[in-house]
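One structure is given here, and the rest of the page talks about it.
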Amino acid sequence: MEVKNIKIKGFPNKEFKDTGYLEKYVEELRANGVGIITGVLDDMINWGRSNSLWPLTFATSCCGIEFMAVGAARFDFARFGFEVTRNSPRQADVIIVAGTIVDKMAPILKRLYDQMAEPKYVIAMGSCAISGGPFCNSYCVVNGVDKIIPVDVFVPGCPPKPEALLYGMMQLQRKVKVERFMFKEKDKK
Amino acid sequence: MEAIKQLILATVPDALIEEKIQLTVTVSPEALRPVALALRNDESACFDYLIQLTGVDYGEALGVVYLLSTSLDLSRCLVLKTATTDREQPTLPTVSDIWGTAILNEREVYDFFGIRFIGHPDMRHLFLTERWKGYPLRKDYDASREQNPVNLTSYDMPDTSVKWVSGKNGIKLEKVQLFEDDDYVLNIGPQHPATHGVLHFRTALDGEIIKKIDVNCGYIHRGIEKLCEGLTYPQMLHFTDRLDYLSSHINRHALCLCVEKAAGIEVPRRAEYIRTIMDELTRITSHLLSWACMCMDMGALTAFIYGMRDREKILDIFEQTTGGRLIQNYNVIGGVMADIHPDFVKKVKEFIPYMHKSLREYHQLYTGNVIARDRMIGVGVLEKETAVSYAVSGPVGRASGFHCDLRNIAPYAAYDQVIFKEIIRTEGDSMARYLNRLDEIEQSLSIIDQLIDTIPAGPCCAKTKPIIRLPEGEYFQRVEAARGEFGVYILSKGEKSPWRLKFRSPSMALVSIMDTVCHGAKIADLITIGGSMDYVIPDIDR
């Protein structure tokens with residue numbers, strides 16, 4: 001089956017930067033070939049999932065306020081399928097780590113991530129979540145959440161503008177759109 | 001002044017009294033409690049308001065600096081100091097029974113310096129966990145991460161605490177039970193949408209009634225004060241924006257004022273006016289967000305959308321001039337970073353009538369709502385005495401009848417040029433705190449209205465050296481942030497970076513009274529009370 005290019009409705013593909021790894025993945029899929037029935041099923045599931053990624057209400061500091069602004073009237077991420085924030089990790093698909101993670105919070109973040117149901121995604125929002133940001137020299141700040149949990153999308157900024165977060169969320173949607181779940185290589189074995 | 005000196009010398013004859021910027025009294029640890037009690041209980045002195053309590057590592061000695069004020073006149077200050085030379089097992093007497101502020105602050109000092117306060121009812125770590133090694137703000141602390149690596153295993157939350165008591169045979173340790181055996185303890189937080197961040201309440205319940213709240217902080221303790229000790233003054237400015245990010249501009253203003261005053265830098269009038277207008281705009285954004293979130297906590301999602309909608313209008317004005325929406329990085333030592341945008345005045349003038357209209361809408365939407373009134377009136381009453389003892393200021397303190405508006409009492413920047421009303425209510429319940437915020441928005445609009453046409457011409461920033469050295473001494477600056485009194489304490493030894501820098505956070509006082517205010521309330525009211533307090537967690541943890 002022909003693997004289609006990733007498409008986000010209303011946004012031309014060339015608007016997205018830093019997508020080399022996704023294009024490479026698509027090429028790999030094309031080279032190896034995808035089964036017709038499983039490919040169509042995957043496309044259908046991915047279409048549904050990428051348009052209903054519900055984030056967890058999780059914020060530790062300043063970025064949380066910008067996250068709220070993205071959820072509120074002017075920016076409104078519900079337009080793109082991030083319909084509501086969920087207060088329980090068991091109902092959430094994506095955790096947006098908004099803010100600094102310190103030593104005392106690290107086990108709790110790990111536990112929250114573990115409580116989320118698969119498939120789950122992580123967006124590191126702001127420089128604190130990416131690398132510790134302005135506090136990277138501190139005695140109790142974790143220098144990047146990727147040391148604790150795997151991160152899918154990094155959104156830089158201190159704090160990032162709402163537009164930047166929306167862009168990051170769409171990048172995640174693009175990633176979800178090309179995923180293959182049915183009969184993966186390891187499942188065949 | 002003379003009367004206070006007489007009072008201190010009558011209590012402790014060998015007290016060292018110096019007249020610096022503030023009257024500074026140094027006493028031995030044994031004499032601390034008599035002096036504190038005398039200052040607190042004397043009718044004319046009446047130092048019943050402990051602004052902050054700072055631990056300091058002097059090198060050889062470990063000390064504590066108490067900054068006192070009085071609820072009769074907040075502009076009157078007194079510095080009380082004590083120190084102990086024992087670095088292995090440092091102990092000092094507690095003052096937590098004299099001033100409520102000390103309860104959480106002494107735990108903070110124990111965290112940072114390892115000073116044990118004898119007689120403190122709950123001597124646990126506040127910000128750090130029990131497994132933390134060393135005391136981070138001591139000068140000989142080894143900051144390398146080998147000692148305290150990131151540990152992902154869960155840690156225990158013990159139900160017992162310790163109390164150090166001095167008896168005949170020296171100091172001994174007593175165990176304190178935090179909860180009774182048959183208490184039903186409910187954990188709220190650290191990941192909970194209604195705690196406004198990562199705060200952890202352990203709530204003991206009797207049915208639906210709250211018996212006790214044990215507050216756990218430190219889930220966002222970033223060690224800003226230690227970081228500041230290694231940076232020059234202009235370098236550390238950006239940390240203040242990230243403390244209480246909702247009143248970012250005001251916090252930065254405080255640190256700039258403190259350094260300017262100490263270094264003797266004259267700020268141009270234009271910069272003072274711009275700063276004042278920006279401060280008030282920041283206050284409006286903060287109160288709008290707090291209104292929106294409080295209503296959302298009580299189930300009114302529409303109010304959240306309305307509040308955020310109007311907040312965006314101010315953020316647009318900010319972005320045009322400063323380039324930042326939430327965190328602006330606009331104040332610098334000596335003035336402001338850049339001049340205002342040509343459209344600034346026009347946009348602010350358009351905003352003022354718009355906000356007045358919105359406020360009327362808010363009152364129609366929510367203030368008169370029967371359910372909202374039932375949930376707020378008479379709930380979470382804070383008495384004035386408690387507010388003063390725990391140093392609760394800002395809209396919450398003023399809702400309990402405590403005159404604590406520093407813009408009036410100790411004017412800074414251009415606040416002496418404007419006339420505005422200090423909003424005082426005496427009910428002290430959630431409704432009073434809610435209404436206070438909305439009324440303060442109106443006053444802020446009036447201040448902006450008075451200043452916006454009279455911004456003087458001239459430069460917007462004084463020329464300063466890239467490296468600023470403050471003369472040896474102690475400096476303190478207080479400003480009125482959106483949540484109450486924000487303070488900066490700098491202990492300088494003449495270097496380009498401070499020896500010790502402490503931020504006095506208003507939110508810490510707000511969270512320290514939660515146990516008192518919520519006692520006997522229903523568990524559902526905890527969310528309303530928390531919303532009406534409007535604490536910001538990174539401001540507590542720093």
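A few remarks follow.
- Computed on chain A, with alpha-carbon pairs under 8 angstrom and 6+ residues apart, the relative contact order is 23 percent.
- Peptide B:238-250 has a mean of 2 when you count, residue by residue, the C-beta atoms of other protein chains within 10 Å of its C-beta.
- Backbone amide hydrogens, once placed in the peptide plane, bring B:Ala481 within less than 5 Å of B:Phe486, excluding anything fewer than 5 places away on its chain.
- Placing unit charges on each Cβ (+1 for Lys and Arg, -1 for Asp and Glu) gives chain B a dipole about its Cα centre, and among B:Ala271, B:Gln177, B:Thr94 the Cα reaching farthest toward its positive end belongs to B:Ala271.
- Computed FRET value (nearest 0.05) for A:Arg90 with A:Lys9, which takes r as the C-beta separation and R₀ as 30 Å: 0.55
- Zone of B:Glu427's modelled label, taken as backbone nitrogen in the range B:372-388 under 15 Å from a point 7 Å along Cα→Cβ: B:372-383
- Per-residue HN-Hα couplings for the range B:194-206 [Karplus 6.51, -1.76, 1.60; θ = phi - 60°; Hz; x = Gly/Pro]: 9, 8, 6, x, 9, 10, 10, 9, 9, 10, 8, 10, 10
- Normalised by 2.2 N^0.38 Å, where N is the number of residues, the alpha-carbon radius of gyration of chain A equals 1.07.
- Other protein chain C-beta atoms within 10 Å of residue C-beta, averaged over B:186-196: 3.
- Among the chymotrypsin sites (Phe, Trp or Tyr not before Pro) found in the range B:16-99, those both in a DSSP coil and sparsely packed, with 15 or fewer other Cβ atoms within 10 Å of their Cβ, are B:Tyr58.
- Dimensionless Rg/Rh of the protein assembly as shown - Kirkwood Rh, Rg from C-alpha atoms: 0.98
- The range B:500-542 - convex hull of alpha carbons, volume per residue in Å³: 64 Å³
- Rg/Rg_ref, the range B:1-140, where Rg_ref = 2.2 N^0.38 Å and atoms are Cα: 1.04
- Karplus-derived HN-Hα couplings along the range A:19-35 (A = 6.51, B = -1.76, C = 1.60, θ = phi - 60°), whole Hz, x at Gly and Pro: 10, x, 5, 6, 4, 4, 5, 4, 4, 4, 4, 5, 5, 7, x, 10, x
- A cut-off of 5 Å between modelled amide H atoms, ignoring neighbours fewer than 5 places along the same chain, links B:Asp206 with B:Lys211.
- Cα-based shape type of the range A:73-136, given that a ≥ b ≥ c are square roots of the gyration tensor eigenvalues and the cut on a/c is 1.5: oblate
- Debye equation applied to the C-alpha atoms of chain B, log10 I(q)/I(0) at 0.13 Å⁻¹: -1.43
- Within the range A:22-97, trypsin sites (Lys or Arg not before Pro) in DSSP loop having at most 15 other beta-carbon neighbours inside 10 Å: A:Arg74
- Computed over the range B:88-198, the percent of Cα pairs more than 18 Å apart is 62.
- Nonlocal amide H pairs with B:Arg504, under 5 Å, H built at 1.01 Å: B:Gly487, B:Val488, B:Tyr489
- Diffusion coefficient of the range B:224-541 by Stokes-Einstein, Kirkwood radius over Cα pairs, 25 °C, 0.890 mPa s: 123 µm²/s.
- Cα lying deepest toward the dipole's positive end in chain B, options B:Ala413, B:Asn105, B:Gln191, charges on Cβ: B:Ala413
- Residue separation of B:Ala10 and B:Leu301 scaled by 0.36 nm, minus their Cα-Cα distance, works out to 98.8 nm of gained length.
- Taking every alpha-carbon pair under 8 Å whose residues sit at least 6 apart, the range B:1-140 reaches a relative contact order of 19 percent.
- Compactness index (Cα Rg / 2.2 N^0.38 Å), the range A:55-165: 1.00
- Rounded to 0.05, the FRET efficiency of the B:Lys463 and B:Gln235 pair, given R0 = 22 Å and the Cβ-Cβ distance, is 0.75.
- In Hz, Karplus ³J(HN,Hα) per residue of the range B:145-155 (6.51, -1.76, 1.60; θ = phi - 60°; x = Gly, Pro): 7, 5, 5, 10, x, 5, 10, 9, 7, 5, 10
- Peptide A:158-164 is shielded by partner chain Cβ atoms: per residue, an average of 3 of them sit within 10 Å of its Cβ.
- Net charge dipole size for the range A:15-78 [Lys, Arg +1 and Asp, Glu -1 on Cβ; Debye, nearest 20]: 140 debye
- The distance between label points at B:Ser166 and B:Lys496 comes to 4.4 nm (points 7 Å beyond Cα on the Cα→Cβ vector).
- The range B:461-542: GluC sites (Glu not before Pro) in DSSP coil with no more than 13 other Cβ atoms inside 10 Å: B:Glu472, B:Glu495
- Translational D in µm²/s for the range B:31-77 (Stokes-Einstein at 4 °C, 1.567 mPa s, Kirkwood Rh from C-alpha pairs): 112 µm²/s
- At R0 = 60 Å, FRET efficiency that the Cβ-Cβ distance of B:Thr91 and B:Arg360 yields, to 0.05: 0.55
- A simple charge model with +1 on the Cβ of Lys and Arg, -1 on the Cβ of Asp and Glu and nothing else charged puts the dipole of the protein assembly as shown at about 1860 debye relative to its Cα centre.
- Computed from label points 7 Å out along Cα-Cβ, the spacing between B:Ile409 and B:Asp140 is 4.0 nm.
- Length gained on full extension, B:Glu208 to B:Phe179: 8.8 nm, using 0.36 nm per residue less the C-alpha separation.
- As a length-normalised measure over Cα pairs under 8 Å and 6 or more apart, the relative contact order of chain B settles at 16 percent.
Each reported figure results from applying straightforward, stated rules to the coordinates on display, with no laboratory input. This structure is a prediction, so every number in the text was calculated from the model and none was measured. Positions of Cβ are generated from backbone atoms using ideal geometry, with glycine treated the same way; all protein chains shown enter the neighbour counts.
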